[in-house]
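Please treat every number below as a calculation from the coordinates, not as lab data. Source: prediction; values computed, not measured. Neighbour counts are summed over all protein chains in view; Cβ atoms, including those assigned to glycine, are modelled from backbone coordinates with ideal geometry.
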Amino acid sequence: MIAGIEKACENTMEYIDCHCHLAENYFYKHIKEFIQEWNEKGIKQIGAMATNGKTAKRTIELATTFPETIVAGIGRHPWGAHKTTEEELLKFEEWISKPEVKIIGEVGLDHYFIREPEKWEKQCEVFRFFLDMAEKYQKPLMIHSTGAEKEIFELLETRKLKTNV
């Protein structure tokens, strides 16, 4: 049982969790049990955000297996964005283009934990790539931002995003 969920779900309201990392090992190994428990407690949909290539594959698999419950978000978390290769970006676009992928995320900028200039520049480059994907495929973004709010808003203002962010 997830701590605190029982009290929060005592009424008959239905809930949506818009940001989980279900492809991480703990959730992934026990996903059927979690989905059953969440449904019993009124949580009807879960936004599953990928943070890298490994979790992207798993997230798509989960959304395909549980389409009524899991909504897939595919992206590269800013903490690892500096490690992203051009080949990986092409793979991310392939995944994002899939109809079962509804959200681009978790993506963004983190200037609190990532301070080295070369890593920051790569992080910005990768975030701009995902902004391009949001424009191209008209999918909403799930944005991570720590210490980079000004930069995030400046980048968003330069875009013609027709979807929610």
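Computed values, structure above
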{"quantity": "Any hit, segment 124-135, residues being among the small types (Gly, Ala, Ser) and under 30 Å from residue 36 (Cβ atoms)", "calculated": "no"}
{"quantity": "Neighbours by Cβ (under 8 Å, 6+ apart or cross-chain): first from segment 84-113, in contact (Cβ under 8 Å) with a residue 24 or more places away in the chain; second of a type in the set (S, T, N, Q) and assigned to a loop (DSSP other than H, G, I, E, B)", "calculated": "106/51"}
{"quantity": "Enumeration of residues in segment 129-165 that are under 14 Å from residue 84 (Cβ atoms) and in contact with a helix residue (DSSP H, G or I) (Cβ under 7 Å, 6 or more places away or on another chain)", "calculated": "129, 133"}
{"quantity": "Every pair of residues 6+ apart whose Cβ atoms lie under 6 Å, when the first sits in segment 50-72 and is under 14 Å from residue 31 (Cβ atoms) while the second is polar (S, T, N, Q) and crowded, with 19+ Cβ neighbours inside 10 Å", "calculated": "72/59"}
{"quantity": "From 94, 100, 88, residue being out of contact with any His (no Cβ under 9 Å at 6 or more places or on another chain) and over 25 Å from residue 125 (Cα atoms)", "calculated": "100"}
{"quantity": "All positions within segment 127-163 that are of a type in the set (Ser, Thr, Tyr) and either in contact (Cβ under 8 Å) with a residue 24 or more places away in the chain or on the phi > 0 side of the Ramachandran plot (or both)", "calculated": "137, 145, 146, 163"}
